[in-house]
Amino acid sequence: MSLSKRPKSAAGREERVARILAVLDERYPNVTCALHHNDAWQLLVATILSAQCTDERVNKVTPGLFRKYPAIEDFAAARQEELARDIHSTGFFNNKARSVIGAAQTILGEFGGEIPRDLESLLRVPGAARKTANVVLGTAFGIASGVVVDTHVARISGRLDLTRETNAVKIERDLMKALPQEKWIQFSHQIIHFGREICVARKPKCGICPMNEYCYAKDRVPV
């Protein structure tokens, strides 16, 4: 299939985005966050641990971690050196331990032990930058505060010409403009699955890609 021309009109661009979303909805209708968790606090911890680490590795660490520290109060009282050892395999363990303990203490001290449900407040929690905050608000509470931009979302959004930025904040801004707000949460989950299954970073599977005609990447192989 030949490369489709970039639509020039706003209506044309909206139609193209609608088709991309339709493909994702058909292939990944019910996907959600890959990090295992039972509540918003556990999701926040898992998301902090997932920085520069695979979800698979985090999911191996968190069951034992949450057994050892069953409540947010347990994390708030944890010794940083001990927690760092507990999460050692996730990498950057000293910084992550500091962030998790700080997050627990801040949530207990400033928010009465409840995870904030608005972006501005959640960004005051140690370890909760925009990506983490968007994950927690979207997955735990169904609040579309923004679009989660991880490496898959950044890379594939560029290939699909939904952004031409490389900075995560600017990519998110472009996606928030391009996508209907009701799709912000699901889009990231779908693109992450798509990036792991088909649009693999090292060798995209263009021959079986349902998004081939919407891709503008230089290494795209037409089918």
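Across the range 192-199, coupling constants 3J(HN,Hα) worked out from phi with the 6.51/-1.76/1.60 Karplus curve, θ = phi - 60°, read 5, 5, 4, x, 7, 8, 10, 7 Hz, and Gly and Pro carry x.
For residue 8, the lysines whose Cα comes closer than 29 Å to its Cα, not counting residues fewer than 8 places off in the same chain, are 170, 177, 183, 205, 218.
Summing +1 for each Lys or Arg and -1 for each Asp or Glu among the other residues whose beta-carbon sits under 10 angstrom from that of residue 217 gives +2. Stretched out straight at 0.36 nm per residue, the stretch from residue 94 to residue 71 would grow longer than its current Cα-Cα span by 6.2 nm.
Each Cα pair of the range 1-100 feeds into the Kirkwood radius, which the Stokes-Einstein equation turns, at 20 °C and 1.002 mPa s, into a diffusion coefficient of 132 µm²/s. Once divided by 2.2 N^0.38 Å, the Cα radius of gyration of the chain becomes 1.10. Our summary gives the range 106-223 a relative contact order of 19 percent, counting only alpha carbon pairs under 8 angstrom and 6 or more residues apart. Along its principal axes, the range 40-141 has C-alpha extents of 31, 26, 21 angstrom, given from the largest down.
Each reported figure results from applying straightforward, stated rules to the coordinates on display, with no laboratory input. A quick note: this is a predicted structure, and the numbers were derived from the prediction, not measured. Every residue, glycine among them, receives a Cβ derived from its backbone with ideal geometry; neighbour counts consider all protein chains shown.
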